[in-house]
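The block underneath contains the structure these notes are about, expressed in structure tokens.
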Amino acid sequence: MARSAVAIIRSLPAWLTAALVLALTLGTLLAVALRAEVGRGLSAGDWSAIRFTVLQAAASAIASVILAIPVARALARRQFRGRGALVMLLGAPFILPVIVAVLGLLAVFGRGGLLNAGLLALGVAPISIYGAGGVVLAHVFFNLPLAVRLILQGWLSIPAERFRLAAQLNAPIWRVLELPMLARHAPGALLVIFLICLTSFAVALTLGGGPRATTVELAIWQAIRFDFDLGRAALLACVQFALCAMAALVAWRITPLNGFGSGLDRTVARWDQSRWDWVWLLLVTLFLVLPLAMILWRGVPSLPDLGPDIYRAAGRSVLVALAATTLTLAGALALSLRGGVLVALVGSLPLAASALVMGTGLFLLVFPFVNPVTVALPVTVGVNAVMAMPFALRLLSPAVADIRSDYGPLAANLALGSWATLRLVILPRLRKPLSFAAGLTMALSIGDLGVVALFATPAQETLPLAMYRLMGAYRMDAAAGAAVLLLFMALGAFWICDSRGQGDADAG
Amino acid sequence: MLTLDDVTVSKGTFQLRANLQVPPGLTAVIGPSGGGKSTLLAAIAGFGPTVTGRVIWDGDDLSGKEPGQRPVTMLFQDHNLFPHLTIAQNVGLALAPRLKLSVKQSAQVDAVLTDVGLPGLGGRKPAALSGGQIGRAALARCLLSDRPVVLLDEAFAALGPALRAEMLTLVRDRMAQQGRTVIMVTHDPNDARSFADQVLFVAEGVAHPPLKAAAFFYDPSPAAQSYLG
């Protein structure tokens, strides 16, 4: 009897975490479903938002994967100086704040950007980045690197002996080895990217809009912020959830999360190489580096002019990220220690949820009692923590299992007990995945522009939201300055956390 | 005296039966691989497999006790030291599972490290030590623990012949001859011949009662004969 009571207390943190995640995912969904005005049906505008959401996600996924194939092949068969740096660069968009990248893309492809300056010099009419094209462009910017990494893994999974055999037989490598590999790996990459693009609010917010380029999430935001039509927002949130839930579970099974290019640091000796490899590598590097370089070039000079409101927003962002990271790590650790079905549940539910759907549900829940503005930051902390939970779990849970299988018998034989085992064995040995998970959560949370946009006014705004306000007011220099600050905060937070885990705990 | 009273251990479809007593001193467990040597040790230490019958130490029934609550200290084939803790911390775990060592306990740790030939190496981590030194550090922890039963599950299998002989000498002189009950699984019958007081032969799911080493090798049973070749 006493024993089962102890067991319950020990797994209490895990249950609390699961309760938080369930409340924010399924709970908010219930609030949304109860409030949705199903009777009035979907308007023509709603249908066009659904259509655009699906089409832009499909176009982004297809473009990312098709472009990724030659890049991944070049990386798979070329060894060169800077290859490691390029692979690392391909991991960077995951922690890059979306709004920073959008501003960088504007500087290259926007109205006064590099591309249009070139077109103008050639006497060609300028192109506009706003609308469907811009949304897909930004999604390719974020997901081409992911697609390259997924497909590169496929390439490196082909044993070197097969290439040798194919070369010796003079067999067509593309037909015999590469096409079958792509048939295995490309569908997974397509699905993952499709799912990511279904729930990418910040891109649609900054580059989309209007009747022809409004996503469902953007329509939710407009329904709440402009029309204050909570019934319609709730209905759209149900639609959004249905869209995500369809692809989520399948996609999650095939997403690798293996740090920044670990395992991708080798090439396979082969006897077919093309000069085009270098062109592809150069193009993808330019595509990733130019927008960030433009941000720095435009933003660094205006850093000194940033107002106190920006620094206050930056401070809020850091506090929100610290709180969210604490919650995420504590929850993910508790769940990893407990293991079992809760891990699978909490590890997958947030992936099917969209931050905007959670936000809408929370808005509906708190609105009758308090002014939503007053809870903007706590709500952002909770949503960010829940959204990062699956990533942290995927890093911590297998690591805890490994430690237990390696050192569990020794700890048991030494009668360490569960607290001493946690303190002396598990935490020290978890330092690396814990630090990496902390870095990811900090960077994601600092750069997040999602639920906070539903709740906050300038008095509660975080740095990404402040930056969005500056862009909306066409104060592009100030926005670029804020972008540089945000970029350094997100990458810096990641680096500070991650480097704490880099030292070898077992050395010396 | 360690008694296995009509013990049956089930591990999947595999079963090991043991009805025997192990006297103090060094007992070598030998027999063909897959015969159940490690299973026997796991049953005594309280790991994993289902046990029917009773494991008794000095009249005290150990069945149902957690591994840490048994009078047993064990060395495994690997993972005997925590790589992120220093040698002194690893050894100190025998005295203070929460690693809050008193001055006296720290002195004990230093003394036992000197005993096993590792003076002054307490501040290092296992990665900075050779395989033989790691083995000695793990032995030092067993020496320091006051548990009367010591189980060695091929703990020195990875070492070369000279180092292994050195470890076995330490085990014999510092543990077995001090009255502890040492049960050691080994692949090499010569280890048993040179160092063991008793030999416990395990084959085909049966652990036979230990025999005096000289008697075992002088007149082996037919099964033991076919194993020894």
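Overview of values
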quantity: Complete set of residues in the range A:44-62 that are over 29 Å from A:ALA392 (Cα atoms), in contact with a helix residue (DSSP H, G or I) (Cβ under 9 Å, 6 or more places away or on another chain) and open to solvent by 10 Å² or more (accessible area, probe 1.4 Å); calculated: A:GLY45, A:ILE50, A:PHE52, A:LEU55, A:ALA59
quantity: Considering residues of the range B:70-79 that are open to solvent by 20 Å² or more (accessible area, probe 1.4 Å) and within 7 Å of another protein chain (Cβ to nearest Cβ) only, the residue nearest to B:ALA155 (Cα to Cα); calculated: B:PHE76
quantity: Tally, over the range A:462-508, of residues that are closer than 17 Å to A:ASP305 by Cα and either assigned to a loop (DSSP other than H, G, I, E, B) or small (Gly, Ala, Ser) (or both); calculated: 10
quantity: Residues of the range B:82-128 that turn out to be surrounded by 14 or more Cβ atoms within 10 Å (Cβ to Cβ) and either within 8 Å of chain A (Cβ to nearest Cβ) or in a helix (DSSP H, G or I) (or both), as a count; calculated: 28
quantity: Among residues of the range A:407-448, those that are crowded, with 22+ Cβ neighbours inside 10 Å, of a type outside the set (D, E, K, R), in contact with a Ser or Thr (Cβ under 8 Å, 6 or more places away or on another chain) and closer than 18 Å to A:VAL318 by Cα, counted; calculated: 6
quantity: Hits in the range B:160-191 - residues which are of a type in the set (A, V, I, L, M) and either touching a Phe, Trp or Tyr at 6+ places or on another chain (Cβ under 8 Å) or open to solvent by less than 50 Å² (accessible area, probe 1.4 Å) (or both); calculated: B:LEU163, B:ALA165, B:MET167, B:LEU168, B:LEU170, B:VAL171, B:MET175, B:ALA176, B:VAL182, B:ILE183, B:MET184, B:VAL185
quantity: Total residues in the range A:146-176, condition touching a Lys or Arg at 6+ places or on another chain (Cβ under 6 Å) and open to solvent by 100 Å² or more (accessible area, probe 1.4 Å); calculated: 0
quantity: Enumeration of residues in the range B:43-67 that are within 14 Å of chain A (Cβ to nearest Cβ), open to solvent by 10 Å² or more (accessible area, probe 1.4 Å) and free of Cβ contacts under 8 Å to residues at least 40 places away in the same chain; calculated: B:GLY46, B:PHE47, B:GLY48, B:GLY64, B:LYS65, B:GLU66, B:PRO67
quantity: Scope the range A:338-362; condition within 17 Å of the chain's Cα centre (by Cα), in a helix (DSSP H, G or I) and within 17 Å of A:ILE224 (Cβ to Cβ); matching residues; calculated: A:ALA355, A:LEU356, A:VAL357, A:MET358
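Okay, residues lined up against (1) assigned to a helix (DSSP H, G or I); (2) among the small types (Gly, Ala, Ser); (3) in contact (Cβ under 8 Å) with a residue 24 or more places away in the chain; (4) within 9 Å of another protein chain (Cβ to nearest Cβ):
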position: A:LEU424; (1), (2), (3), (4): yes, no, no, yes
position: A:LEU427; (1), (2), (3), (4): yes, no, no, no
position: A:LYS432; (1), (2), (3), (4): yes, no, yes, no
position: A:LEU444; (1), (2), (3), (4): yes, no, yes, no
position: A:GLY450; (1), (2), (3), (4): no, yes, yes, no
position: A:ALA453; (1), (2), (3), (4): yes, yes, yes, no
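The values are calculated or read from the model by the stated rules, or taken from the named source; none is laboratory data. Please read these numbers as outputs of a predicted model, since none were measured by experiment. Cβ: placed from backbone, ideal geometry, glycine included. Neighbour counts: every protein chain shown. To get the accessible areas, we keep the full protein, side chains included, count just its heavy atoms, and leave off ligands, DNA and RNA. Shrake-Rupley method; radii C 1.70, N 1.55, O 1.52, S 1.80 Å.
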